[in-house]
């Protein structure tokens, strides 16, 4: 539940930044990409990580090598299906907040552009 609400907060944030959201929870045989968006001349594949604190590390640190590899492979599936001349970028959006049972309280969003290159 918290993860989904974090994704919703990230999408709202990206829209406010001028991104055009193309897909959410895009699934392929290789895995899933939380958000696919267009930012100017960039096609952006976004991993959203939601945490209530940094007690066990930053949300970005939870994006493992295998998750990056899965994102890259899923991005290749997407590009094969929807060819593009846009630049390709992989971002991470860290959402800090808590779910109290009735709603999600978003405290902070940290957007890491070009968080990694192809792995």
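The values are calculated or read from the model by the stated rules, or taken from the named source; none is laboratory data. On a predicted model such as this, the values are computed, not experimentally measured, just so you know. Heads up, the Cβs are rebuilt from the backbone with ideal geometry, glycines too, and the neighbour counts pull from every protein chain shown.
Can you name the residue in segment 20-70 that is in contact with a strand residue (DSSP E or B) (Cβ under 6 Å, 6 or more places away or on another chain) and part of a helix (DSSP H, G or I) and, of all such residues, is modelled with the lowest pLDDT? Once the filter is applied, the top-ranked residue is 59. Given (1) without any contact (Cβ under 8 Å) to a residue 40 or more places away in the chain; (2) more than 19 Å from residue 111 (Cβ to Cβ); (3) crowded, with 20+ Cβ neighbours inside 10 Å, where does residue 37 come up short, assuming only one miss? Here residue 37 clears every test but (2).
Just checking, how many residues over segment 9-19 are farther than 14 Å from residue 96 by Cβ, touching a residue at least 60 places away in the same chain (Cβ under 8 Å) and in a helix (DSSP H, G or I)? Step through it out loud before you land on a result.
Of the residues in segment 9-19, the ones farther than 14 Å from residue 96 by Cβ are 11-12, 14-19.
From the residues that got through so far, the ones that are touching a residue at least 60 places away in the same chain (Cβ under 8 Å) too are 14, 17.
Filter once more, so that each one left must be in a helix (DSSP H, G or I): 14.
Residues flagged as farther than 14 Å from residue 96 by Cβ, touching a residue at least 60 places away in the same chain (Cβ under 8 Å) and in a helix (DSSP H, G or I) within segment 9-19 amount to 1.
Here is the figure for segment 71-86: residues that are surrounded by 13 or more Cβ atoms within 10 Å (Cβ to Cβ) and part of a helix (DSSP H, G or I) total 9.
Going through segment 53-96 one residue at a time, which ones are touching a helix residue (DSSP H, G or I) at 6+ places or on another chain (Cβ under 8 Å) and more than 23 Å from residue 30 (Cβ to Cβ)?
Within segment 53-96, the subset touching a helix residue (DSSP H, G or I) at 6+ places or on another chain (Cβ under 8 Å) is 88, 90, 92-96.
Residues satisfying the conditions are 94, 95, 96.
Take the residues in segment 96-119 that are assigned to a strand (DSSP E or B) and at pLDDT 90 or above; name whichever of them is surrounded by the fewest Cβ atoms within 10 Å (Cβ to Cβ). Checking each candidate, the answer is 110. Scanning segment 22-34 for residues that are on the phi < 0 side of the Ramachandran plot, surrounded by fewer than 16 Cβ atoms within 10 Å (Cβ to Cβ) and under 12 Å from the mean Cα position of the chain (by Cα) yields a count of 2.
Look at segment 9-21 and say how many of its residues are farther than 22 Å from residue 52 by Cα and within 12 Å of the chain's Cα centre (by Cα).
At the first step, the residues of segment 9-21 found to be farther than 22 Å from residue 52 by Cα are 15-21.
Going one step further and asking which of them are within 12 Å of the chain's Cα centre (by Cα), we end up with 21.
Residues flagged as farther than 22 Å from residue 52 by Cα and within 12 Å of the chain's Cα centre (by Cα) within segment 9-21 amount to 1.
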